[in-house]
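Working notes for the structure below.
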Amino acid sequence: MLFLYLYLMKKSPIGIFDSGIGGLTIAHALKKKLPNENIIYFGDTEHLPYGEKSENAIQNFSKKITQFLLEKKCKTIIIACNSASSVASECVKEIAGNTPVFNVIHPVVDKVAGECSEYNIGIIGTKATIQSNIYKKEIKALCSSATVSSLATPLLAPMIEEGFINEDISHTIIANYLSNKQLVNIDHLILGCTHYPLIHQEIKDYYKGTVNVIDSANIVVEHIAKQLRNDDLLNDCKQTEHHFYVSNYTESFEKSAQFFFKEDLKLKEVKLWN
Ligand code: DGL
């Protein structure tokens with residue numbers, strides 16, 4: 001009986017959510033690292049961008065999505081959104097009970113604070129993430145000698161969501177933000193929004209090798225894989241199935257999901273708020 005329970009538990013999907021396509025960067029890195037895992041992804045496109053919403057609104061969206069993922073029998077929940085990780089981690093954990101919850105901030109803070117004590121670290125993210133001050137507080141708590149500065153870059157997530165990547169308009173917006181005086185002396189930059197790995201190269205090009213641009217997706221996925229292995233929750237079965245849900249169907253989401261997941265794609269619209 002216990003054997004059957006453990007077998008079914010390992011086979012259960014990993015639930016991942018974000019406001020839109022940003023969390024696909026985490027889902028994609030997870031698929032590469034743990035190819036046997038089944039994934040259920042929820043993109044809350046109806047409420048995008050989260051970064052402009054109040055704490056209370058982001059918490060309510062996150063709770064509802066977590067309930068949905070738990071109903072789908074997810075064995076773990078990944079909050080693949082910095083804005084929700086900043087302000088809704090605790091309430092997601094409450095709803096999830098015994099189901100493990102991961103956010104995208106703690107693994108990055110642990111890694112960066114462990115390595116960058118002498119460094120001058122910059123963080124870019126949504127207004128919700130930057131206003132929460134979570135990166136600065138947590139890095140400084142672990143490593144008081146690090147210098148940390150941050151800048152809200154609210155146009156970037158909607159720009160990426162609309163597919164403006166590697167174009168004149170994206171170069172201009174990126175250059176405008178990165179030249180801000182808040183970021184002048186940095187030597188490391190944390191991409192504090194899961195949408196930003198999609199413009200990682202453009203950001204790197206802007207700095208021409210003078211700043212180490214930290215892409216969080218692999219750091220987060222390394223941490224999750226290690227934890228699931230320790231908890232004996234990894235799936236041994238090679239046959240996988242991924243499901244993608246959105247609260248409001250958009251073509252750009254479907255294209256991005258297809259780009260990342262190719263043949264596996266099953267996109268469905270679900271109305272959680274009706
Ligand atoms: N990808 C998200 C984040 O990491 C949300 C962007 C948004 O919806 O504003 O913050």
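Across region 40-56, the qualifying residues are those that are away from the ligand (no atom under 11 Å from the Cβ) and within 18 Å of the chain's Cα centre (by Cα), and the one among them that is farthest from A88 (Cα to Cα) is I40. Among residues that are part of a helix (DSSP H, G or I) and within 16 Å of the ligand (Cβ to nearest atom), I77 is not included. Can you name every residue in region 123-144 that is within 16 Å of the ligand (Cβ to nearest atom) and crowded, with 19+ Cβ neighbours inside 10 Å? Selection gives I123, I124, G125, T126, A128, T129, I130, S132, I134, Y135. Just the residues that are open to solvent by less than 80 Å² (accessible area, probe 1.4 Å), under 19 Å from Q201 (Cα atoms) and among the β-branched types (V, I, T), please, taken from region 145-188. The answer is T153, I160, I165, I173, I174, I186. Restricting attention to region 226-239, the residues that are open to solvent by 40 Å² or more (accessible area, probe 1.4 Å) and modelled with pLDDT under 90 add up to 3.
For a quick check of your reading: which helices (runs of 4 or more DSSP H) sit entirely within region 86-159 and have at least 3 residues that are hydrophobic (A, V, I, L, M, F, W, C) and touching a residue at least 24 places away in the same chain (Cβ under 8 Å)? I'd like the intermediate steps shown before the answer.
On the way: elements: 106-115, 127-132, 134-142.
Where helices (runs of 4 or more DSSP H) fall fully within region 86-159 and carry at least 3 residues being hydrophobic (A, V, I, L, M, F, W, C) and touching a residue at least 24 places away in the same chain (Cβ under 8 Å), they are 106-115, 134-142.
The values are calculated or read from the model by the stated rules, or taken from the named source; none is laboratory data. Computed from a prediction, not measured in an experiment: that's the story for all the values here. Don't worry about glycine lacking a Cβ; one is built from the backbone with ideal geometry, like all the others, and counts go over all protein chains shown. What goes into the accessible areas is simple: the full protein's heavy atoms, side chains included, and nothing from ligands, DNA or RNA. Shrake-Rupley method; radii C 1.70, N 1.55, O 1.52, S 1.80 Å.
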